[in-house]
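J.: Would you mind keeping the following structure in view while I ask a few things?
The values are calculated or read from the model by the stated rules, or taken from the named source; none is laboratory data. Note that the structure is a prediction, hence the values are computed from the model and not measured. Cβ atoms come from the backbone with ideal geometry, glycine included; neighbour counts cover every protein chain shown.
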Amino acid sequence: MKSNLTQNLSSTYLTLPSVLYREAFIEPLEGAHYIAHNPQLLESMHLAWDEAHMVALCNGTIKPQGIAMAYAGHQFGYFVPQLGDGRALHLGTHRGVHLQIKGAGRTYFSRNGDGKAVLRSSIREYLASQAMLGLGIASTDALALIGSVHPVRRESIERGAIVLRAARSWIRFGSFEYLNAHGHPEVMRTLARRVIEESYPHLLESSDPYYALLDAIIERTALMIAQWQGVGFVHGVMNTDNFSIAGDTIDYGPYAFMDGFDKNYVCNHTDTEGRYSYANQPMVAQWNIDKLAIALSPLLEYSRGQTLARSFMPRFHTMYETVMRAKLGLEIAHEEDGALVRWLLGILHKERIDWNVFWYRLSHYAGDRSALMEIVIDREALGAWMDSYDVRLTLESRPPQERLAAMQKTNPKYILKNYMLQEVIDAATQGDFSLVWQLQALAQRPFDAHPDMERYAHPTPLEYRHFELSCSS
């Protein structure tokens, strides 16, 4: 039986030691109104839908108080001993899903910020989380989106908005860094046990639970990064406070799904040194894992933690090879596959070939190269690679139609590019929210045909390629 959300909303994080959070009150938006909700998530949580109720919940009328979590983090390589939720509040938990509103106003951790979120950034996060899940990549989710007439100052005066976010955990690498930096080993032990209970219950009977926990986090994180690379996703702000202990993609700020492939692409205009470029993401993830292992030293002997942390990169490479073989339709592993991938990536990078369009068209390749050749300039280079690819396919045992069907389940027809999101934002700014719903359908089912959105399956127009975004985007 479906229930009203607030009927069974429990505050499970309130059972954690109080050093981990501060209570805060929602600062309501003026003229709050409904924009969209996520029927899939609503159904999975066995919730009844009530538009007015959801707006009231997000805007603090029903539940005016929540908690903001404390954490630390390495931001662009520099340690900040106290960060925390500066514009997010945890409302509670329902059926194991932790609900949080983003843009609810100032908290103890706002650091002189207003704690608000604007419409453009809220639309981007609302759709991005659903797009990532639609691609089969672990992520937080979003249940609802509301707007308002509330003025919020960023580069200019914009309208405030709130996203109702959902996650299996909001605990971060930075949560453990915070406890280590401030000397709370017993609280860390309590938090680690909670993480095991809610995100890694299969470890409850482990004889060495904290070692097993770090091992499991490394495994999930390696898979997440391999999958990011496979879909051309650039996070933009891979700080340790933006890494989920559950191995989920978290905190969508200045992110991007690449247009033309550029291994050095940076989507965050404040990242002037390119620390969080596409190519650097695996190395940064390794760096973050190293910092988490250090933070866990009170629970796990330092040298053991560091030795285990060094297993991240080999695991990533193994998972990345698996991801790329699947994209190429290769079921049987061969030693030369890595060289074939590197050769192809060199061509895509040099030509700046549209990443998603190339892979989608390759997943329909059955001998006719014309659809692939029309999106490149140097056809001779791609032709030479295709010759080798054809030879490699002869080593496969699957019938061609089975191979193509499998490729079409891993190479989506649609990807949520920034120019598409900008179209939605521009329309929403004028009060038209219909494109939010259209792009939500595409985000949730990126492998399906959407005849009314066929234009989004073509290469990104040159004038819209590679937006750079800010942390308020």
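J.: Could you tell me whether any residue of the stretch 266-280 is β-branched (Val, Ile, Thr) and within 19 Å of the chain's Cα centre (by Cα)?
T.: Yes, the conditions are met somewhere in the stretch 266-280.
J.: Exactly one of (1) within 23 Å of the chain's Cα centre (by Cα); (2) surrounded by fewer than 18 Cβ atoms within 10 Å (Cβ to Cβ) is unmet by Ala181. Its number?
T.: Going through (1) within 23 Å of the chain's Cα centre (by Cα); (2) surrounded by fewer than 18 Cβ atoms within 10 Å (Cβ to Cβ) one by one, Ala181 breaks only (1).
J.: Also, quick follow-up: For Gly236, are the conditions met, namely being part of a strand (DSSP E or B), farther than 20 Å from Gly96 by Cα and either modelled with pLDDT of 95 or more or small (Gly, Ala, Ser) (or both)?
T.: When the stated conditions are applied, Gly236 does not pass them.
J.: Pairs only if they're at least six apart or on different chains, beta carbon under 6 angstrom, first in the stretch 145-158 and assigned by TED's automatic domain parsing to the domain that holds Asp50, second of a type in the set (Gly, Ala, Ser) and part of a strand (DSSP E or B); list them, first residue then second.
T.: These pairs meet every condition: Leu145/Ala36; Gly147/Ala161; Ser148/Gly160; His150/Gly160; Val152/Gly160.
J.: Continuing with the same structure: Since Met54 meets every condition but one in (1) closer than 20 Å to Arg111 by Cβ; (2) within 26 Å of the chain's Cα centre (by Cα); (3) of a type in the set (A, V, I, L, M, F, W, C), which condition does it not meet?
T.: Here Met54 meets the rest and fails (1).
J.: Do we have Asp259 as in contact with a helix residue (DSSP H, G or I) (Cβ under 8 Å, 6 or more places away or on another chain), closer than 27 Å to His98 by Cα and among the acidic types (Asp, Glu) here?
T.: For Asp259, the condition - in contact with a helix residue (DSSP H, G or I) (Cβ under 8 Å, 6 or more places away or on another chain), closer than 27 Å to His98 by Cα and among the acidic types (Asp, Glu) - is not met.
J.: Still on this structure: Give me the residue from the stretch 205-254 that is crowded, with 23+ Cβ neighbours inside 10 Å and touching a Cys at 6+ places or on another chain (Cβ under 8 Å) and, out of that set, farthest from Arg325 (Cα to Cα).
T.: Taking the candidates together, the pick is Pro254.
J.: Let me ask something else about it. Looking only at the stretch 70-109, which residues are of a type in the set (A, V, I, L, M), surrounded by fewer than 24 Cβ atoms within 10 Å (Cβ to Cβ) and in a loop (DSSP other than H, G, I, E, B)?
T.: Listed by number, the residues that qualify are Ala70, Leu83.
J.: Restricting attention to the stretch 24-55, report how many residues are of a type in the set (D, E, K, R) and touching a Ser or Thr at 6+ places or on another chain (Cβ under 9 Å).
T.: Adding up the residues that qualify gives 1.
J.: Another question about this same structure. Among the residues of the stretch 309-342 satisfying the criterion of being aliphatic (A, V, I, L, M) and under 22 Å from Leu214 (Cβ atoms), which is nearest to the chain's Cα centre (by Cα)?
T.: That would be Met319.
J.: Which of the residues belonging to the stretch 111-168 are within 14 Å of the chain's Cα centre (by Cα) and basic (Lys, Arg)?
T.: If the condition is that a residue be within 14 Å of the chain's Cα centre (by Cα) and basic (Lys, Arg), then Arg124, Arg165, Arg168 are the ones that fit.
J.: Pairs only if they're at least six apart or on different chains, beta carbon under 9 angstrom, first in the stretch 356-375 and within 21 Å of Gln229 (Cα to Cα) and without any contact (Cβ under 8 Å) to a residue 24 or more places away in the chain, second of a type in the set (Val, Ile, Thr) and surrounded by fewer than 20 Cβ atoms within 10 Å (Cβ to Cβ); list them, first residue then second.
T.: Short answer, once both residue conditions are applied: Arg361/Ile375.
J.: Output the residue which, of all residues in the stretch 401-430 that are crowded, with 16+ Cβ neighbours inside 10 Å and hydroxyl-bearing (Ser, Thr, Tyr), is farthest from Tyr365 (Cα to Cα).
T.: Checking each candidate, the answer is Tyr414.
Quick grid of which residues meet (1) under 26 Å from Asn268 (Cα atoms); (2) touching a Phe, Trp or Tyr at 6+ places or on another chain (Cβ under 9 Å); (3) assigned to a loop (DSSP other than H, G, I, E, B); (4) polar (S, T, N, Q):
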site	(1), (2), (3), (4)
Met420	yes, yes, no, no
Gly431	no, no, yes, no
Val436	yes, yes, no, no
Ala443	yes, yes, no, no
Glu454	no, no, no, no
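J.: Just to verify a result, which residue in the stretch 244-259, among those that are in contact with a Ser or Thr (Cβ under 7 Å, 6 or more places away or on another chain) and not hydroxyl-bearing (Ser, Thr, Tyr), is nearest to Ala293 (Cα to Cα)?
T.: Once the filter is applied, the top-ranked residue is Ile245.
J.: Pairs only if they're at least six apart or on different chains, beta carbon under 9 angstrom, first in the stretch 45-70 and without any contact (Cβ under 8 Å) to a residue 12 or more places away in the chain and of a type in the set (Val, Ile, Thr), second surrounded by 22 or more Cβ atoms within 10 Å (Cβ to Cβ) and assigned to a loop (DSSP other than H, G, I, E, B); list them, first residue then second.
T.: Correct list of pairs: empty, since none qualify.
J.: Right, Arg398: surrounded by 14 or more Cβ atoms within 10 Å (Cβ to Cβ), assigned to a loop (DSSP other than H, G, I, E, B) and more than 24 Å from the chain's Cα centre (by Cα) or not?
T.: Yes: the conditions hold for Arg398.
J.: Within the stretch 383-399, identify whether any single residue is charged (D, E, K, R) and under 18 Å from Tyr320 (Cα atoms), and answer yes or no.
T.: Checking the stretch 383-399: not a single residue is charged (D, E, K, R) and under 18 Å from Tyr320 (Cα atoms).
J.: Now for a different question. For Met45, only one of the following conditions fails: (1) hydrophobic (A, V, I, L, M, F, W, C); (2) in contact with a helix residue (DSSP H, G or I) (Cβ under 9 Å, 6 or more places away or on another chain); (3) closer than 24 Å to Asn180 by Cα. What is its number?
T.: Unmet for Met45, out of (1) hydrophobic (A, V, I, L, M, F, W, C); (2) in contact with a helix residue (DSSP H, G or I) (Cβ under 9 Å, 6 or more places away or on another chain); (3) closer than 24 Å to Asn180 by Cα: (3).
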